[in-house]
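Engineer: Just passing along the structure, written as structure tokens.
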Amino acid sequence: QVQLVESGGGLVQAGGSLRLSCAASGISFNIYAVGWYRQAPGKERDLVATMTTGGITDYADSVKGRFTISRDNAKNMVYLQMNSLKPEDTAIYFCNARITSRNYWGQGTQVTVSS
């Protein structure tokens, strides 16, 4: 059974930091590209950051320079370090793992940034 379990969300003031974690199980994690997406109320789910199996990263323009995605294949973990948080970063954050024929999502973790 494949599971992606996010943690680390919460309430933080603008300018603060949070580190999200995603624990993967049931897959050969090192062959999957991974990513973080977010969905604000009434909006679509949007890409935040992705990382290929080779470590190539991509970020949404709105988070470049503030967020950093990383992975630890030995621990089957994905992380999202979020600094200089803004109220507009408030959303549910979802972990994603994908290869050509498979696409898996976590249940999401809420991040709320107060002004």
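Engineer: Ignoring ligands, DNA and RNA, what percent of the accessible area of the stretch 54-115 is carbon or sulfur (1.4 Å)? Walk me through the numbers on the way to the answer.
Structural biologist: Working: 1570 of 3290 Å².
That fraction is 48 percent.
Engineer: Let me ask something else. Enter the Cα centre distance for the pair the stretch 1-26 and the stretch 27-49, rounded to the nearest angstrom.
Structural biologist: 12
Engineer: Continuing with the same structure: Charges on Cβ only, +1 for Lys and Arg, -1 for Asp and Glu, centred on the Cα centroid of the chain; of Trp105, Met82, Gln3, which one is farthest towards the dipole's positive end?
Structural biologist: My answer, from the dipole projection, is Gln3.
Engineer: Considering only Ala14, Asn30, Met51, whose Cα is most displaced toward the positive end of the charge dipole of the stretch 1-75, charges sitting on Cβ of Lys, Arg (+1) and Asp, Glu (-1)?
Structural biologist: Positive-end residue among those listed: Ala14.
Engineer: While we're here: Report the relative contact order of the chain, percent, no decimals, based on alpha-carbon pairs under 8 angstrom and at least 6 residues apart. Intermediate values should be presented prior to the final figure.
Structural biologist: Details: 278 pairs, mean separation 41.4, N = 115.
Reported relative contact order: 36 percent.
Engineer: To the nearest 0.05, what FRET efficiency results for Lys86 and Gln107 with a Förster distance of 25 Å applied to their C-beta separation? Can you show the working numbers first?
Structural biologist: Values: r = 24 Å, r/R0 = 0.97.
Efficiency at R0 = 25 Å is approximately 0.55.
Engineer: Another one. Taking a spot 7 Å from the Cα of Arg66 along the direction of its beta carbon, which residues of the stretch 2-23 have an amide N less than 17 Å from it?
Structural biologist: Output list for this probe position: 9-20.
Engineer: For the peptides 67-78, 46-57, 29-40, what is the packing order when you average, over each peptide's residues, the other Cβ atoms within 10 Å and list the highest mean first? Write out the running numbers ahead of the final one.
Structural biologist: Numbers: 67-78: 17.1, 46-57: 14.7, 29-40: 18.7.
Highest-to-lowest ranking by the protection proxy: 29-40, 67-78, 46-57.
Engineer: In addition: State to the nearest 20 debye the size of the charge dipole of the chain about its Cα centre, where the only charges are +1 on K and R beta carbons and -1 on D and E beta carbons. Before the final figure, lay out the partial values.
Structural biologist: Numbers: 11 positive and 8 negative charges, 28 e Å.
Using Cβ point charges on Lys, Arg, Asp and Glu, the chain gives about 140 debye.
Engineer: Sequence gap at least 6, Cα distance under 8 Å: using those rules, report the relative contact order of the stretch 44-87 to the nearest whole percent.
Structural biologist: Working: 42 pairs, mean separation 12.1, N = 44.
Contact order relative to length: 27 percent.
Engineer: When only Cα pairs under 8 Å and 6 or more residues apart are kept, what is the percent relative contact order across the stretch 69-115?
Structural biologist: Working: 56 pairs, mean separation 15.7, N = 47.
Over the stretch 69-115, the number comes to 33 percent.
Engineer: Looking at the chain from every direction and averaging, what is the projected area of its Cα convex hull in nm²? Spell out each step's value before the answer.
Structural biologist: On the way: hull surface 27.4 nm².
In nm², the orientation-averaged hull projection of the chain is 6.9.
The values are calculated or read from the model by the stated rules, or taken from the named source; none is laboratory data. Here the structure is a predicted model, which is why all the values come from computation and not from measurement. Positions of Cβ are generated from backbone atoms using ideal geometry, with glycine treated the same way; all protein chains shown enter the neighbour counts. Ligands, DNA and RNA are excluded from the accessible area calculation, which covers all protein heavy atoms including side chains. Shrake-Rupley method; radii C 1.70, N 1.55, O 1.52, S 1.80 Å.
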